[in-house]
Amino acid sequence: MGVWIFIGLVVLAVVAAIGIYNRLVGLRNASESAWSDVDVQLKRRWDLVPNLVQTVKGYASHEQQTFAQVTEMRSRAMAETDPAARADAENGLTRALRGLFAVAEAYPELRASDNFRDLQASLGEIEDAIQKARRYYNAVVRDLNTSCETFPSVLVANAFGFAKRDYFELDDEAERAAPAVSF
């Protein structure tokens, strides 16, 4: 009788380990898929940036430093593959784009341009899509990281080499703070 109980416990432990392993595989695959979604949205932004820069250049040709910074940050962001490094590079690109829009504010004829407004609207839509993709990626990474750290799944995660992933997050404290609004 004791042998059957032992065999039953072993079978139960194996079934539980298989279930945990399958969940970890699902979370790992979901995080890779979510990262791919983030990557697609970032690629859309990268494709739009040169058009935006060229449009602004036509109106503000003496703002070469701003254009160079946007181009440099875009290239850096495209080169990064690690989520943490990519997040850092993307945050730099976002800051550079803010500088580009600050330049555009000084040129009323540029702001009135249909092409510029269309590009600005497209960039806004892409930024929203990036935010949604980042949020989903971070949620999946949170679930994977939690599973890699909690008992008993930590045992299976360590045994089969599952590792925690980095979040795609802001690195600039100023971007985390609530904006000051005054009238």
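Sequence gap at least 6, Cα distance under 8 Å: using those rules, report the relative contact order of the chain to the nearest whole percent. Please report the intermediate quantities before stating the final value.
Details: 143 pairs, mean separation 58.8, N = 183.
The normalised contact order for the chain reaches 32 percent.
If one computes the Cα centroid of the stretch 63-85 and of the stretch 86-138, what distance in Å separates the two points?
A separation of 13 Å, based on Cα centres.
What FRET efficiency comes out for the pair D143/Q54, r = Cβ-Cβ distance, R0 = 41 Å, nearest 0.05?
Numbers: r = 42 Å, r/R0 = 1.02.
FRET efficiency, D143 to Q54: 0.45.
Considering every Cα-Cα pair within the stretch 58-110, what fraction, in whole percent, is farther apart than 14 Å?
Cα-Cα pairs in the stretch 58-110 separated by more than 14 Å: 54 percent.
Please list the equivalent ellipsoid semi-axes of the stretch 9-81, computed as the square roots of five times the alpha-carbon gyration tensor eigenvalues, in descending order and whole angstrom. Intermediate values should be presented prior to the final figure.
Details: eigenvalues 485, 20, 6 Å².
Over the Cα atoms of the stretch 9-81, the semi-axes work out to 49, 10, 5 Å.
Please compute the length gained on full extension between N158 and Y21, using 0.36 nm multiplied by the number of residues separating them and subtracting their Cα-Cα distance.
On the way: separation 137, 0.36 × 137 = 49.32 nm, distance 1.06 nm.
Stretched out fully, the N158 to Y21 stretch lengthens by 48.3 nm.
Taking the stretch 123-173, which trypsin sites (Lys or Arg not before Pro) meet the DSSP loop condition and have no more than 14 other C-beta atoms within 10 Å?
Numbers: sites: K132, R134, R135, R142, K164, R165; in loops: K164, R165.
Those that pass, being in a loop and sparsely packed, are K164.
Specify which residue in the list N91, Y21, V10 is farthest towards the positive end of the charge dipole of the stretch 3-105, using unit charges on the beta carbon of Lys, Arg (+1) and Asp, Glu (-1), about the Cα centre.
V10
How far is it, in nm, from the label point at R95 to the one at N29 when both lie 7 Å from their Cα along the line to the Cβ?
With each label point 7 Å from Cα toward Cβ, the separation is 4.0 nm.
How long are the three semi-axes of the equivalent ellipsoid for the chain, computed from the Cα gyration tensor as the root of 5 times each eigenvalue, in whole Å, largest first?
Working: eigenvalues 473, 41, 34 Å².
In descending order, the three semi-axes are 49, 14, 13 Å.
Which value in nm describes the separation of the simple spin-label points at A106 and S61, placed 7 Å from the Cα toward the beta carbon?
1.6 nm
Read-outs throughout are calculated quantities, based only on the coordinates presented, and are distinct from any laboratory measurement. Keep in mind that this is a model prediction, so the values were computed, not measured. Cβ sites come from the backbone with ideal geometry, for glycine too, and all protein chains shown count toward neighbours.
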